[in-house]
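Novice: Here it is, the structure in full.
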Amino acid sequence: MATKKTQKAKPKTATKETSRCRKIFRFLSKAMLWFFGISIFLVIVFKWVPVPYTPLMAIRAIEHKMGGREMVCSHDWVPIESIAKNMQRAVIASEDGNFLKHHGFDFDAIQKAMKNNEKGKKIKGGSTISQQTAKNVFLWQGRSYLRKGLEAYFTILIELIWGKERIMEVYLNSIEMGDGVYGIEAASKYWYRKEAAHLSKREAAGIAAILPNPRKFKATNSSPYTERRKSRIVKHMGYVGKLDY
């Protein structure tokens, strides 16, 4: 009799496990649908609406608060028509030479970065301006596989929905360009006491030169290392050519 009861219990247990799996599957399916829906909605909204705040701004504010410092966030959004072409060329020359050619990912740069990292050389990563924009606007800082996967997803979305000109506009308005300084208009006023529309080649190169670590480097009264970076960027700006977005 004990054996018969055990045999009858098996189908019930299997049914419970199947039901639990179905519930989990339905939950995950709904969560994925919500994620895709919200993410696509936000990308469409930010195609037209200025990005008011980024995750990095929140993180820096918390860091300042925990460090007992004043929470400073200087951020003035300006349309791309009010950003000097010099500045646009400077970040392309400095951060992503193939920005106008690729579709979000520069595989040659990624491969080169991987090879040099294997050799132990210290170089910048292979992230494009599109990838950096996706990370700055929608994600957190870090190097996990999850974040990199989400970064790739958002990069594809903004390339498809925004296009190059909007990506450049959002990038230059959201990137960190100093301690508590975000966006090119605030950076231009902070470093050079002028509007972003009037930046010279050397001034634009000065801001682009500090982007690897804008809280460490200075665009004015710069170190010899930063001055050399400025000169290289000015030189490469001549190779960017026409900004045909």
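Novice: Taking the stretch 201-245 on its own, how many of its residues are crowded, with 16+ Cβ neighbours inside 10 Å and in a loop (DSSP other than H, G, I, E, B)?
Specialist: Going through the stretch 201-245 one residue at a time, the tally reaches 6.
Novice: Restrict the check to the stretch 152-163 and report whether at least one residue is over 17 Å from Phe99 (Cα atoms) and at pLDDT 95 or above.
Specialist: yes
Novice: To continue, here is another question. Enumerate the pairs (first residue in the stretch 210-228 and charged (D, E, K, R); second residue anywhere and in a loop (DSSP other than H, G, I, E, B) and surrounded by fewer than 17 Cβ atoms within 10 Å (Cβ to Cβ)) with beta-carbon separation below 8 Å, excluding pairs fewer than 6 apart on the same chain, so at least 6 apart or on different chains.
Specialist: Hits for this filter: Arg215/Asp179.
Novice: While we're here: Inspect the stretch 170-187 for any residue being open to solvent by 40 Å² or more (accessible area, probe 1.4 Å) and within 24 Å of Ile40 (Cα to Cα) and give the result as yes or no. First the steps, then the outcome.
Specialist: Step one: filter the stretch 170-187 for residues open to solvent by 40 Å² or more (accessible area, probe 1.4 Å), giving 179.
So of that shortlist, the ones also within 24 Å of Ile40 (Cα to Cα) come out as none.
No - not one qualifying residue is present in the stretch 170-187.
Novice: Sticking with this one: Of all the residues that make up the stretch 189-200, how many are in a helix (DSSP H, G or I) and either without any contact (Cβ under 8 Å) to a residue 60 or more places away in the chain or farther than 29 Å from Ile44 by Cα (or both)?
Specialist: Total satisfying the criteria: 5.
Novice: Also: On the given criteria, is Ala113 of a type in the set (Gly, Ala, Ser), at pLDDT 95 or above and either surrounded by 21 or more Cβ atoms within 10 Å (Cβ to Cβ) or out of contact with any helix residue (DSSP H, G or I) (no Cβ under 6 Å at 6 or more places or on another chain) (or both)?
Specialist: On the way: of a type in the set (Gly, Ala, Ser): yes; at pLDDT 95 or above: no; either surrounded by 21 or more Cβ atoms within 10 Å (Cβ to Cβ) or out of contact with any helix residue (DSSP H, G or I) (no Cβ under 6 Å at 6 or more places or on another chain) (or both): yes.
It is false that Ala113 is of a type in the set (Gly, Ala, Ser), at pLDDT 95 or above and either surrounded by 21 or more Cβ atoms within 10 Å (Cβ to Cβ) or out of contact with any helix residue (DSSP H, G or I) (no Cβ under 6 Å at 6 or more places or on another chain) (or both).
Novice: Looking at the stretch 143-188, which of its residues are part of a helix (DSSP H, G or I) and among the polar types (S, T, N, Q)?
Specialist: Thr155, Asn173, Ser174, Ser188
Novice: Please give the number of the condition Phe41 fails out of (1) open to solvent by 70 Å² or more (accessible area, probe 1.4 Å); (2) more than 25 Å from Leu160 (Cβ to Cβ); (3) modelled with pLDDT of 85 or more.
Specialist: Going through the list (1) open to solvent by 70 Å² or more (accessible area, probe 1.4 Å); (2) more than 25 Å from Leu160 (Cβ to Cβ); (3) modelled with pLDDT of 85 or more, Phe41 breaks only (2).
Novice: Does the stretch 127-141 include one or more residues that are within 25 Å of Ala205 (Cβ to Cβ), surrounded by fewer than 18 Cβ atoms within 10 Å (Cβ to Cβ) and at pLDDT 95 or above?
Specialist: No, every residue in the stretch 127-141 fails to be within 25 Å of Ala205 (Cβ to Cβ), surrounded by fewer than 18 Cβ atoms within 10 Å (Cβ to Cβ) and at pLDDT 95 or above.
The values are calculated or read from the model by the stated rules, or taken from the named source; none is laboratory data. Predicted model, so just to flag it, every value in this text is computed and none were measured. As a convention, Cβ positions derive from the backbone with ideal geometry for all residues, glycine included, and neighbour counts pool all protein chains shown. Only protein heavy atoms, including side chains, enter the accessible area calculation; ligands, DNA and RNA are left aside. Shrake-Rupley method; radii C 1.70, N 1.55, O 1.52, S 1.80 Å.
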